[in-house]
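Student: Quick one: the structure is below, questions incoming.
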Amino acid sequence: MGAKTLYDKLWESHIVRENDDGTSLLYIDRQLIHEVTSPQAFEGLRMANRKPWKLSANLATPDHNVPTSHREQGIVDPIAKLQVDTLDQNCDLFNITEFKMDDIRQGIVHVISPEQGATLPGMTLVCGDSHTSTHGAFGTLAFGIGTSEVEHVLATQCLIQKKSKNMLVQVDGQLNPGITAKDVILAIIGKIGTAGGTGYAIEFAGEAIRSFSMEGRMTLSNMAIEAGARAGMIAVDDTTIKYVKNRPYAPQAEVWDKAVIYWQGFHSDTDAHFDKVVSLDATEIKHQVTWGTSPEMTMAIDETIPDPAKEADLVKSSGMQAALDYMGLTAGTPINEVAVDVVFIGSCTNSRIEDMRAAANIAKGNKVASNIKQALVVPGSGLIKQQAEQEGLDQIFIDAGFEWRDPGCSMCLAMNADRLESGERCASTSNRNFEGRQGQGGRTHLVSPAMAAAAAIKGHFVNSNELGSQ
Amino acid sequence: MEKFTKITAIAMPLDRVNVDTDAIIPKQFLKSIHKSGFGPNLFDEWRYLDQGEPGMDNTNRPLNQNFILNKSRYQGSQILLARDNFGCGSSREHAPWALEDYGFRVIIAPSFADIFYNNCFKNGLLPIILAEEIVDQLFNLTVANEGFQLSVDLAEQKITSAMESITFSTDFELDQFRRHCLLEGLDEIGLTLEHADDIRAYESIQKEITPWLF
């Protein structure tokens, strides 16, 4: 066969059988479960009188619907409460490990699994959530699935899949000070478009990618789906292995040594063939802010809002105008003059300890601007919350006028009480700026944690390098 | 799952690119623990003028008369014409559940987001990819001819005009396994469990190679 890509290796090592029609039965090592996309899957199992194939492969936690304040009062919304209770009951009934709402290990599925070492290099991992691509940061084949497939994996530990094509996104050179993984992935999506990766598995590579910590790599892989790719991944290296070591679910002692040797093979061979290659120059990437209602509608902080009249493609031009109308923006306005109402720091994209530190670095000694109605900081897990508090970050946020919350998906998709009112403009570290995503009529601008914190302090978008210590 | 063979129905043109699953079924309706009942909230934010919440009586809500779904000429439509990258965003299977519950059985677009495309087949919904020029032609025919109906034949993999005065016919491509499952209304889990021995054999080999996963 010759040289293989990282994706080829992950795929081939999980084939149970190949069917005549080009599909494969693929073995799934790990499934993460949350309350929103699992109740109908468990119901299906019960109706067909089927049992989970391999209990230990599953790990569950409630995240989408959980309140991020006053947890002691439980969930007030009766429909949301029923969904979380249903998850608890299903996990108890089928004997699946679950970190319940009062467990310090509870948090966003894509944050807690790596934190626990439940995400390991070389494995296949799925979840009924599109941001499952996050786990690709570990040299893992990880992708989002629908509820029927959640049931399929529970019952068979397998999925019927067709292999995607290989895409390489190469980011060479050194990033400028203050430029984060969030800026890099937004710049990538801006370049290839939200459907640019459809049908592909993306591997991120190059000097700039290598320089990221695991937290940064997770931010990057997390948003592969916003470029249309179900899976995004990064080769295993020392950074990966160091991160995984000694985590609760990671192998220990002599099994660890064996695992490390196995994992070190999960990188693309030098001459591996990619169906598509995209290159970016790291030195040219600036602080990003999205201006529209699709993650590809992104711009640098020193630019002005683009003009639909200058777009030759009519479908694109009308899409841009519709986005500007929804966002309440005028072409030609410098983005750093646009005022913000709400700031949200959190989500499976940016709620890890590094994100908390980056935002705190900007907030330290400053005050949230008077025009900001609400500035939320929502850590990704109970353990991250605890660590941030040990580092005194919670106090920095509170002193500056931010609210320090309990872990969950929160205002990223506004399924719980944290949401925008119609017309409110939000600087958000989440992953989707779709219409109504953070609340009906809400206007979302995607940014990095430092940029969100800077917007909170100044009351409008601003280059975060102008605040905080570098 | 309901079998899919052939349908003849009115086509409804939804002229927007990148229609995401948040737009197809907004997040507040994802709190349901059931698979059915999402139809009245399909495209909720575009379809109604007020803010929708689960448990509301949708029959009394003010309709956005400018939204295509509310136009009288498209009532009873079962074929949705869409643009590029339909179904992008969240993996929620509630999106195909809502489309199916409303009454759609076919979606025609130049391209679909991967997860959504995959989810459709599990729910008796047929997503068809056609070249952009052909989709454009269908948009034009639908807009110009009130009551324009298409026939979609899965066994023959053919779409034809069901109006005598209009000539239109095109073939479409489809993965044969998916076609088979839709035609027969097959339970994929049952099919996979027929290979239970293969799965066990794979596991016993992997236990040697990656013992930490077992």
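The values are calculated or read from the model by the stated rules, or taken from the named source; none is laboratory data. None of these values were measured; they are calculated from a predicted model. Here Cβ is always computed from backbone atoms with ideal geometry, including for glycine, and neighbour counts include all displayed protein chains. With ligands, DNA and RNA removed, areas are computed over all heavy atoms of the protein, side chains included. Shrake-Rupley method; radii C 1.70, N 1.55, O 1.52, S 1.80 Å.
Student: Which value, in Å² rounded to 10, gives the accessible area of A:M320 with a 1.4 Å probe and all protein chains present?
Tutor: The accessible area comes out at roughly 30 Å².
Student: Here's another thing I want to ask about it. By how many degrees, between 0 and 90 and to the nearest 10, does the Cα long axis of helix B:196-209 differ from the longest principal axis of chain B?
Tutor: 60 degrees
Student: Can you give me the distance in nm between label points at A:V255 and A:E303, each placed 7 Å from the Cα along the Cα-to-Cβ direction?
Tutor: About 4.9 nm, to one decimal.
Student: Find how much the distance from A:K191 to A:A312 grows on full extension, using 0.36 nm per residue of separation minus their present alpha carbon separation; answer in nm with one decimal.
Tutor: Numbers: separation 121, 0.36 × 121 = 43.56 nm, distance 1.72 nm.
Contour length minus Cα-Cα distance gives 41.8 nm.
Student: Using a 1.4 angstrom probe with every protein chain in place, what is the largest-first accessible-area order of A:T333, A:T270, A:T283?
Tutor: Details: A:T333 40, A:T270 140, A:T283 70 Å².
Sorted descending by solvent-accessible area, the residues read A:T270, A:T283, A:T333.
Student: Here is a further query. Taking all protein chains together and a probe of 1.4 Å, list B:K122, A:K364 from the most accessible to the least accessible. Working shown, then result.
Tutor: Details: B:K122 40, A:K364 135 Å².
Descending accessible area places them as A:K364, B:K122.
Student: List the accessible area buried at the contact between A and B, summed over both sides and calculated with a 1.4 Å probe, in Å² to the nearest 100.
Tutor: Working: alone 18300 and 11410 Å², together 24410 Å².
Interface between A and B: roughly 5300 Å².
Student: So what's the net charge close to A:Q438: Lys and Arg +1, Asp and Glu -1, counting the other residues with Cβ under 13 Å from its Cβ? Please list the in-between numbers first.
Tutor: Working: positive: A:R419, A:R425, A:R432, A:R437, A:R443, B:K27; negative: A:D341, A:D418, A:E421, A:E424, A:E435, B:D22, B:E45.
Result for the neighbourhood of A:Q438: -1.
Student: On a full-extension model of 0.36 nm per residue, what is the gain between B:N64 and B:F214, subtracting their alpha-carbon distance, rounded to one decimal in nm? Can you show the working numbers first?
Tutor: Working: separation 150, 0.36 × 150 = 54.00 nm, distance 5.44 nm.
Full-extension gain reported as 48.6 nm.
Student: If you roll a 1.4 Å probe over chain A with all protein chains in place, what percent of the accessible area is carbon or sulfur?
Tutor: Values: 7570 of 15720 Å².
Within chain A, the accessible surface is 48 percent carbon and sulfur.
Student: Right, another one. Roll a 1.4 Å probe over the protein heavy atoms and report the accessible area of A:D237 in Å², nearest 10.
Tutor: The accessible area comes out at roughly 30 Å².
Student: So, in Å, what gap is there between the alpha-carbon centers of region A:1-37 and region A:62-139?
Tutor: When both Cα centres are located, 23 Å separates them.
Student: Using a simple spin-label model with points 7 Å from Cα along the Cα→Cβ vector, what separation in nm is obtained for A:K162 and A:E337?
Tutor: Each label point is offset 7 Å from its Cα along the Cβ direction, giving 5.0 nm.
Student: Let me ask you something else. Please compute, for peptide A:430-440, the average count of beta-carbon atoms on other protein chains lying within 10 Å of each residue's beta-carbon.
Tutor: Values: counts 0, 1, 5, 0, 10, 6, 10, 7, 2, 4, 8.
The shielding value for this peptide is 5.
Student: Compare the Cα positions of B:F148, B:I166, B:A23 along the charge dipole of region B:6-185 (+1 at Cβ of Lys, Arg; -1 at Cβ of Asp, Glu; about the Cα centre) and return the one farthest towards the positive end.
Tutor: B:A23
Student: Quick check: with the 1.4 Å probe, what order do A:R46, A:R230 take by accessible area, largest first? Present the calculation step by step, with values, prior to reporting the outcome.
Tutor: On the way: A:R46 95, A:R230 30 Å².
My answer, sorted largest first, is A:R46, A:R230.
Student: To continue, here is another question. Within region B:163-214, list the GluC sites (Glu not before Pro) lying in a DSSP loop whose Cβ has at most 15 other Cβ atoms in a 10 Å radius.
Tutor: Counting only loop positions with at most 15 other Cβ atoms within 10 Å, the GluC sites (Glu not before Pro) in region B:163-214 are B:E164, B:E173, B:E194.
Student: Between B:S36 and B:N140, what length in nm is gained on full extension when 0.36 nm per residue of separation is reduced by their alpha carbon distance? Please list the in-between numbers first.
Tutor: Details: separation 104, 0.36 × 104 = 37.44 nm, distance 3.31 nm.
Computed gain between B:S36 and B:N140 is 34.1 nm.
Student: Which pairs in the list A:K286/B:K31; A:K162/B:K158; B:K35/B:K158 are over 28 Å apart, alpha-carbon to alpha-carbon?
Tutor: Working: A:K286/B:K31 39 Å; A:K162/B:K158 24 Å; B:K35/B:K158 30 Å.
In this structure, A:K286/B:K31; B:K35/B:K158 exceed 28 Å between Cα atoms.
Student: For region A:56-87, which residues drop by 10 square angstrom or more in accessible area between the chain on its own and all protein chains together (1.4 Å probe)?
Tutor: A:D77, A:I79, A:L82, A:Q83, A:T86
Student: Please report, as a whole percent, how much of the solvent-accessible surface of region B:6-185 comes from carbon and sulfur atoms (probe radius 1.4 Å).
Tutor: Values: 3030 of 6700 Å².
Carbon and sulfur atoms account for 45 percent of the accessible area of region B:6-185.
Student: Apply 1/(1 + (r/R0)^6) to the Cβ-Cβ distance of A:I15 and A:D399, taking R0 = 56 Å, and write down the FRET efficiency to the nearest 0.05. Mind showing how you got there, number by number?
Tutor: Numbers: r = 55 Å, r/R0 = 0.98.
That pair, A:I15 with A:D399, gives E of 0.55.
Student: Taking the Cβ of B:N118 as the centre, find all other residues whose Cβ is under 10 Å away and add up their charges (Lys, Arg: +1; Asp, Glu: -1). Numbers along the way, then the final one.
Tutor: Details: positive: A:K162, A:R230, B:K122, B:R178; negative: A:E149, B:E93, B:D114.
Surrounding charge for B:N118 is +1.
Student: Pop out the ³J(HN,Hα) list for region A:125-140 in order, Karplus 6.51 cos²θ - 1.76 cosθ + 1.60 with θ = phi - 60°, rounded to Hz; leave Gly and Pro as x.
Tutor: With the stated coefficients, region A:125-140 comes to 9, 10, 7, x, 6, 5, 7, 4, 3, 2, 6, x, 4, 9, x, 10 Hz.
Student: Could you check what % of the DSSP bridge pairs in the protein assembly as shown are antiparallel, to the nearest 5?
Tutor: Working: 27 of 79 bridges.
Of the beta bridges lying entirely in the protein assembly as shown, close to 35 percent run antiparallel.
Student: Related question: Of A:Q390, A:P114, B:H94, which is farthest towards the positive pole of the protein assembly as shown's charge dipole, taken about the Cα centre with +1 and -1 on the beta-carbons of Lys, Arg and Asp, Glu respectively?
Tutor: The one lying farthest along the dipole's positive direction is A:Q390.
Student: Given +1 on the Cβ of Lys and Arg, -1 on the Cβ of Asp and Glu, and no further charges, what dipole in debye does chain B carry about its Cα centre, rounded to the nearest 20? Provide the component values of the computation, followed by the final result.
Tutor: On the way: 19 positive and 32 negative charges, 110 e Å.
Dipole magnitude for chain B comes out near 520 debye.
Student: Can you tell me which lysines have their Cα less than 16 Å from the Cα of A:K242? Leave out same-chain residues fewer than eight positions away.
Tutor: Straight-distance partners of A:K242: A:K258.
Student: Taking the Cβ of A:G332 as the centre, find all other residues whose Cβ is under 11 Å away and add up their charges (Lys, Arg: +1; Asp, Glu: -1).
Tutor: -2
Student: Short version: ³J(HN,Hα) in whole Hz for each residue of region A:378-386, in order, from phi by Karplus 6.51 cos²θ - 1.76 cosθ + 1.60 (θ = phi - 60°), x for Gly and Pro, what are they?
Tutor: 10, x, x, 8, x, 6, 5, 4, 4
Student: Here's a follow-up. What figure, in Å² to the nearest 10, do you get for the accessible area of A:Y249 with a 1.4 Å probe and non-protein molecules left out?
Tutor: Rounded to the nearest 10, that gives 80 Å².
Student: Counting only DSSP beta bridges with both residues in region B:6-185, tell me the antiparallel percent, nearest 5. Present the calculation step by step, with values, prior to reporting the outcome.
Tutor: Working: 13 of 25 bridges.
Counting only bridges with both partners in region B:6-185, antiparallel ones make up about 50 percent.
Student: Near the amide H of A:T140, under 5 Å away, which other amide H atoms are found, from residues 5 or more places off or on another chain, if H is placed in the peptide plane?
Tutor: Excluding prolines and chain starts, which carry no amide H, the hits are A:G122, A:I234.
Student: Related question: Projected onto the charge dipole of the protein assembly as shown (+1 at Lys/Arg Cβ, -1 at Asp/Glu Cβ, origin at the Cα centre), which of A:P248, A:L324, A:L413 gives the Cα projection farthest towards the positive end?
Tutor: A:P248
Student: Continuing with this model, one more query. Whole number in Å², please: accessible area per residue of the protein assembly as shown, 1.4 Å probe, ligands, DNA and RNA not counted. Don't skip to the end; give the middle numbers.
Tutor: On the way: 24410 Å² over 684 residues.
On a per-residue basis, 36 Å².
Student: Same structure again: List, in the order given, every pair from A:K81/B:K207; A:K4/A:K51; A:K9/B:K27; A:K51/A:K100; A:K4/B:K207 whose Cα-Cα distance in the structure shown is over 29 Å.
Tutor: Cα-Cα > 29 Å for A:K81/B:K207; A:K4/A:K51; A:K9/B:K27; rest within.
Student: Need one value for B:188-197: mean number of C-beta atoms belonging to other chains within 10 Å of its residues' C-beta atoms. If you can, show how the numbers build up before the last one.
Tutor: Values: counts 8, 13, 4, 5, 12, 7, 0, 6, 3, 0.
The mean count of partner-chain Cβ atoms within 10 Å per residue comes to 6.
Student: Right, another one. Would you please classify the overall shape of chain B from the alpha carbon gyration tensor, given that a ≥ b ≥ c denote the square roots of the eigenvalues, rounded means a/c under 1.5, and beyond that prolate means a/b larger than b/c while oblate covers the rest? Don't skip to the answer; put the middle values down first.
Tutor: Details: a/c = 2.29, a/b = 1.40, b/c = 1.63.
In terms of gyration-tensor shape, oblate.
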